[in-house]
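The values are calculated or read from the model by the stated rules, or taken from the named source; none is laboratory data. Keep in mind that what you see is a predicted model, and the values were worked out from it rather than measured. Cβ sites come from the backbone with ideal geometry, for glycine too, and all protein chains shown count toward neighbours. Surface accessibility is based on the protein's heavy atoms, side chains included, excluding ligands, DNA and RNA. Shrake-Rupley method; radii C 1.70, N 1.55, O 1.52, S 1.80 Å.
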Amino acid sequence: MTRLDAPVLAGVDGSPAAFRAVSWAAHEARLRGRRLHLLYVNTWPAYMNANWPGLTGWDVAAGQAIGLDVLERARRTALAADLGIEIDTGVSAGPATRVLGEASEDASLLVVGRRGGGGLTDRLVGSSAAQIAQFAACPTVVVPEIGVIVPPDGPGVVVGVDIGDEGQPAVEFAFDEASRRGLPLTAVRAWTLLSDEPGLRADVAPLPEDLEAEQRRLLSEGLAGWSAKYPDVLVLPRVVRRHAATALAHLGRDAALLVVGARGAGGFHGLRIGSVSDAVVRHAACPVAVAG
């Protein structure tokens, strides 16, 4: 259970993407009534030791000084919005994925930036952010380097609805975020004829219209009970015959936030993030939350 005083944690590295993430994290901290903790990870010692073990004479303190400078700029970025939130900072040394993963154990939310553009072809885009989301202990939001203008009549918060208990944390997170922002929630169930999902069970007629009806039932089942808990949230259900990652990235183009589960249906329990979530984290145009 997340502590009531757990901060919103933002990882900063001095890149434009990281400063956008800081701004996003500051607004999220205000919405949640939490303090904002800015963390710079000094990866230089780990990099040097991994590539040149035993080498001495390089300046260990240089990375610390750079980190303090980056943190001061990040703090000014957060203060510029004049949100009235408490802000503290810190520097840690080590691999970024491990350090942020350990720090996320004491956070209510982790926010990181993603460098690179969109599209679903370049697997290298956003790889560091995807790795951090893979190992984080709390919900993680990945903010793209290039922002988009969210239209007032857009989909609001978009969530991919998975079946079973493993999909519920993402749904709950999405409802909570939509409620905090006063936005509608677009709930998406994507399917294809070649998927290995309950819509293709032997007792379901193998016709597209019947399969779509089954997917609508699964979507309704995945949302059951949440509208009663969040009566202020307008839910817009969408059933899409398309690969899940492509469907979510498309619908999330104008979203304030896109929420995905940590694992997809049938995902391996040893992995925090499934293939669909990984693709969306790397390439969606809007901020992406991985919850679960």
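Can you work out which of the residues in the range 98-111 that are closer than 13 Å to Leu9 by Cβ and without any contact (Cβ under 8 Å) to a residue 40 or more places away in the chain is surrounded by the most Cβ atoms within 10 Å (Cβ to Cβ)?
Our first condition is that a residue be closer than 13 Å to Leu9 by Cβ; within the range 98-111, this holds for 99-111.
Next, from what is left, pick out any that are without any contact (Cβ under 8 Å) to a residue 40 or more places away in the chain: 101-102, 105.
Details: Gly101: 21, Glu102: 14, Glu105: 12.
The selected residue is Gly101.
Show the residue pairs that are 6+ apart or on different chains and have beta-carbon atoms under 6 Å apart, the first residue being within the range 68-97 and without any contact (Cβ under 8 Å) to a residue 40 or more places away in the chain, the second being open to solvent by less than 70 Å² (accessible area, probe 1.4 Å) and in a helix (DSSP H, G or I).
Thr97/Ile132
Return the residues of the range 21-44 that are modelled with pLDDT under 95 and assigned to a helix (DSSP H, G or I); say none if nothing qualifies.
Trp44
If you go through the range 216-239 one residue at a time, do you hit one that is closer than 13 Å to Gly167 by Cβ, in contact with a His (Cβ under 9 Å, 6 or more places away or on another chain) and modelled with pLDDT under 95?
No: zero hits.
Filter the range 1-20 for residues that are buried (at least 20 other Cβ atoms within 10 Å of the Cβ) and not in a helix (DSSP H, G or I) and give the result. If you could, list the steps in order and put the result at the bottom.
Step one: list which residues in the range 1-20 are buried (at least 20 other Cβ atoms within 10 Å of the Cβ), which gives 7-13, 17-20.
Once the filter is applied, which keeps residues that are buried (at least 20 other Cβ atoms within 10 Å of the Cβ) and not in a helix (DSSP H, G or I), the range 1-20 yields Pro7, Val8, Leu9, Ala10, Gly11, Val12, Asp13.
Suppose we filter the range 182-200 for residues that are at pLDDT 95 or above and surrounded by fewer than 17 Cβ atoms within 10 Å (Cβ to Cβ); how many remain?
Result for the range 182-200: 1.
For the range 2-20, enumerate the residues that are among the hydrophobic types (A, V, I, L, M, F, W, C) and modelled with pLDDT of 85 or more.
Step one: filter the range 2-20 for residues among the hydrophobic types (A, V, I, L, M, F, W, C), giving 4, 6, 8-10, 12, 17-19.
If the condition is that a residue be among the hydrophobic types (A, V, I, L, M, F, W, C) and modelled with pLDDT of 85 or more, then Ala6, Val8, Leu9, Ala10, Val12, Ala17, Ala18, Phe19 are the ones that fit.
Answer yes or no as to whether Gly94 is surrounded by fewer than 18 Cβ atoms within 10 Å (Cβ to Cβ), at positive phi and in contact with a strand residue (DSSP E or B) (Cβ under 8 Å, 6 or more places away or on another chain). Give the derivation first.
Working: surrounded by fewer than 18 Cβ atoms within 10 Å (Cβ to Cβ): yes; at positive phi: yes; in contact with a strand residue (DSSP E or B) (Cβ under 8 Å, 6 or more places away or on another chain): yes.
So Gly94 passes the test.
In the list Val111, Val125, which residue meets the criterion of being closer than 21 Å to Ala279 by Cα and modelled with pLDDT under 90? Full working, then the answer.
Numbers: Val111 fails: modelled with pLDDT under 90.
Unique residue meeting the criteria: Val125.
Which ones in the range 75-88 are open to solvent by 70 Å² or more (accessible area, probe 1.4 Å) and within 14 Å of Val8 (Cα to Cα)?
So in the range 75-88, the residues open to solvent by 70 Å² or more (accessible area, probe 1.4 Å) come out as 75-76, 79-80, 82, 84, 86.
Result: Arg75, Glu86.
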